[in-house]
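See below for the structure under consideration.
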Amino acid sequence: MHQYGGYKDLPLLAEVYDAANNAMADTDFYIEAAAERPRVLELGCGTGRVLIPLAESGARVTGLDVSEHMLRRCREKLAGLPDEVQARTELIPGDMSDFDLNEQFDLVVVPFRAFQHLLTVEAQLGCLRSVHKHLKGSGRLIVDVFLPNPAILSDPNSLEECLGDRVETLPDGREVRRAWRFSAVHPAEQINDVELIFYVTHPDGHSERLVQAFPMRYFYRYEFEHLLARGGFRVAELYGDFEKTPLRDDSPEMIFVAEKDL
């Protein structure tokens with residue numbers, strides 16, 4: 001199974017990513033975190049959905065991503081912004097499971113479940129050890145993963161396509177509606193084979209159905225805390241959403257704020 005979910009190979013994803021994910025409500029959370037730690041590394045920065053607001057807020061941000069298509073889209077977006085915002089950003093192609101940037105950062109963030117594309121413990125620890133090397137002694141790591149919902153994981157209906165209500169319009173007039181489903185579940189490995197389906201309607205009326213298929217690893221709370229400990233971190237804070245609500249049974253996210261275990 002290949003990690004990174006097609007982001008590395010499918011140029012279309014860079015085009016539809018922003019439209020499909022513009023409802024995420026996490027940017028203010030990361031801007032607040034960067035206010036006290038303004039030298040930031042974002043892993044899995046993609047098209048700059050989080051990176052650009054961070055740079056606009058005054059942070060100096062390095063973004064690392066495995067997909068040149070996503071980085072190209074990010075560069076296009078940055079090109080339309082003021083020079084001072086562009087000057088605060090750097091984009092680097094690379095694999096988050098093993099990188100060496102020869103610099104240390106105040107804050108490392110892995111937003112929107114990007115860490116869950118690391119399927120093996122080897123890759124997960126590789127990422128954490130790389131982060132540990134790049135993080136200042138007083139720095140922080142923030143990782144967002146979803147809280148597994150047993151009802152969804154065991155629901156046979158999750159193998160059927162679930163069509164979302166939102167219709168987003170791309171700058172060229174194409175309309176995008178997204179659906180999802182599990183094509184297979186692997187409880188012993190804690191991996192689901194996920195399909196994101198994009199229904200694209202073109203201005204001339206013709207339509208197409210595009211599928212992004214990828215395996216995604218899921219984690220449980222204490223498993224992830226142990227994983228962080230093996231990578232040299234301790235949990236400083238844990239939230240269940242981006243309003244900083246404590247983790248509960250019905251929380252949508254697990255947002256780990258970790259520090260070096262010095």
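The values are calculated or read from the model by the stated rules, or taken from the named source; none is laboratory data. Predicted model only: the values in this text are computed from it and were never measured. Neighbour counts are summed over all protein chains in view; Cβ atoms, including those assigned to glycine, are modelled from backbone coordinates with ideal geometry. Just the protein is used for accessible areas: all its heavy atoms, side chains included, with ligands, DNA and RNA removed. Shrake-Rupley method; radii C 1.70, N 1.55, O 1.52, S 1.80 Å.
The single residue among Arg248, Arg230 that is at pLDDT 95 or above, of a type outside the set (S, T, N, Q) and in contact with a helix residue (DSSP H, G or I) (Cβ under 7 Å, 6 or more places away or on another chain) turns out to be Arg230.
Selection of strands (runs of 3 or more DSSP E) fully inside segment 52-166 by the criterion of at least 1 residues being on the phi < 0 side of the Ramachandran plot and loosely packed, with under 14 Cβ neighbours inside 10 Å returns 89-93, 135-146.
Conditions (1) under 30 Å from Ala14 (Cβ atoms); (2) acidic (Asp, Glu); (3) free of Cβ contacts under 8 Å to residues at least 60 places away in the same chain; (4) part of a strand (DSSP E or B), marked per residue:
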residue: Arg178; (1), (2), (3), (4): yes, no, no, yes
residue: Gly205; (1), (2), (3), (4): yes, no, yes, no
residue: Glu208; (1), (2), (3), (4): yes, yes, yes, yes
residue: Arg234; (1), (2), (3), (4): no, no, yes, yes
residue: Glu243; (1), (2), (3), (4): yes, yes, yes, no
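Considering every residue within segment 210-219, establish whether at least one is of a type in the set (A, V, I, L, M) and open to solvent by 60 Å² or more (accessible area, probe 1.4 Å). Within segment 210-219, one or more residues are of a type in the set (A, V, I, L, M) and open to solvent by 60 Å² or more (accessible area, probe 1.4 Å).
Test Leu227 against the stated conditions and say whether it is surrounded by 18 or more Cβ atoms within 10 Å (Cβ to Cβ), outside any strand (DSSP E or B), on the phi < 0 side of the Ramachandran plot and in contact (Cβ under 8 Å) with a residue 24 or more places away in the chain. Here the answer is yes, as Leu227 does meet what is asked.
Taken together, the residues in segment 210-224 that are charged (D, E, K, R) and free of Cβ contacts under 8 Å to residues at least 60 places away in the same chain amount to 1. Which residues, taken from segment 180-191, are open to solvent by less than 50 Å² (accessible area, probe 1.4 Å) and in a loop (DSSP other than H, G, I, E, B)? Passing the criteria: only Gln190.
Would you point out the residue of segment 167-179, among those that are open to solvent by 70 Å² or more (accessible area, probe 1.4 Å) and not acidic (Asp, Glu), that is farthest from Val211 (Cα to Cα)?
Here is the first cut: in segment 167-179, the ones open to solvent by 70 Å² or more (accessible area, probe 1.4 Å) are 167, 169, 171-172, 175, 177-178.
Then drop every residue that is not not acidic (Asp, Glu), which leaves 167, 169, 171, 177-178.
Numbers: Val167: 17, Thr169: 18, Pro171: 21, Arg177: 12, Arg178: 10 Å.
Restricting to residues being open to solvent by 70 Å² or more (accessible area, probe 1.4 Å) and not acidic (Asp, Glu), the top hit is Pro171.
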